[in-house]
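Chemist: Next up is a structure, given as structure tokens.
The values are calculated or read from the model by the stated rules, or taken from the named source; none is laboratory data. Computed from a predicted structure; not experimentally measured. Cβ: placed from backbone, ideal geometry, glycine included. Neighbour counts: every protein chain shown. Heavy atoms of the whole protein, side chains included, go into the accessibility calculation; ligands, DNA and RNA do not. Shrake-Rupley method; radii C 1.70, N 1.55, O 1.52, S 1.80 Å.
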Amino acid sequence: NLKIITEFSGAVYNIEIDISDKNSCQLVKGNDKDYTVNIYEKDNPENKTLREPGDYNIDISYFGNYTGKITITFTISKADMSSLNKLNREDLTYGANISDYFLGTTLTNDNGLSPIDLEAGVDYEIVSVEGGTNYGDSGVVKVKALSTSKYLKENSTADWTYKITKQRDVSSVFNGKS
């Protein structure tokens, strides 16, 4: 059995399979041809999209002049937080709780797929906030993946940066009084 392992990235893995026989003759893919390919999630055969962490099967069935079946296991492992795009924020307002800006994040991608939402307390926890809290200050939010995450490797870590670029508007506090 052949096994392929890759790490979760939020992208769909498109697998193209071309097969030649021992005489280097290219086989023809398709029903009533030389072979077919069926790709599906092991625990959910209806899911044929290789995107989320889990184990998938790639079944290759032979017909006509060829016989047999080969199953290849394809595993998408949970991602190490450090391998994902960093969540860097440069829109914080002075006086706001810095951690609140990092309670949820979305993994986006360039291939038109639905984004994947990550949630603090489910996918990761905020370990520490290091840096300034005044207008113009910057710092680092250290985060760690939790065991409950469907997408992230437990205990993997990342550093997300922030910068406080907005001043707090206090005009509403005085309600027009001088």
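Chemist: Could you give the longest part of the chain that holds none of the GluC sites (Glu not before Pro) found in DSSP loops with at most 13 neighbouring Cβ atoms within 10 Å?
Modeler: 47-153
Chemist: I want to verify a result. In a Gaussian network model of the chain, Cα cutoff 10 Å, which of these has the top mean-square fluctuation: ASP117, ASP32, ASP137?
Modeler: Checking each option, the largest mean-square fluctuation is seen for ASP32.
Chemist: While we're looking at this one, here's another question. So for ARG51, ARG89, what's the accessible-area order with a 1.4 Å probe, most first?
Modeler: ARG89, ARG51
Chemist: Remind me, relative contact order of the chain in percent, using alpha carbon pairs under 8 angstrom and six or more residues apart?
Modeler: 20 percent
Chemist: Further question on the same structure: Looking at the range 1-53, which chymotrypsin sites (Phe, Trp or Tyr not before Pro) are DSSP coil and have at most 15 other C-beta atoms within 10 Å of their C-beta?
Modeler: Those that pass, being in a loop and sparsely packed, are TYR13.
Chemist: About the Cα centre of the chain, how large is the charge dipole given +1 on each Lys and Arg Cβ and -1 on each Asp and Glu Cβ? Please answer in debye to the nearest 20.
Modeler: Around 200 debye, computed over the chain.
Chemist: Then there's this: Please tell me which of these pairs span more than 20 angstrom C-alpha to C-alpha: LYS42/LYS78; LYS48/LYS150; LYS78/LYS163; LYS42/LYS150; LYS78/LYS144?
Modeler: In this structure, LYS78/LYS163 lie more than 20 Å apart at Cα.
Chemist: While we're on this one: Multiply the residue gap between ASP32 and LYS142 by 0.36 nm, knock off their C-alpha separation, and tell me the result in nm, one decimal place.
Modeler: 34.0 nm
Chemist: Next up: ³J(HN,Hα) across the range 41-58 via Karplus (A = 6.51, B = -1.76, C = 1.60, θ = phi - 60°), whole Hz, x for Gly/Pro?
Modeler: With the stated coefficients, the range 41-58 comes to 6, 4, 8, 8, x, 6, 7, 10, 9, 7, 9, 8, x, x, 9, 10, 10, 10 Hz.
Chemist: Would you compute, from DSSP H runs of 4+ residues alone, the mean residue ellipticity of the chain at 222 nm, taking -39500 (n - 2.57) per run and dividing by the full residue count, rounded to the nearest 500?
Modeler: That comes out to -500 deg cm²/dmol.
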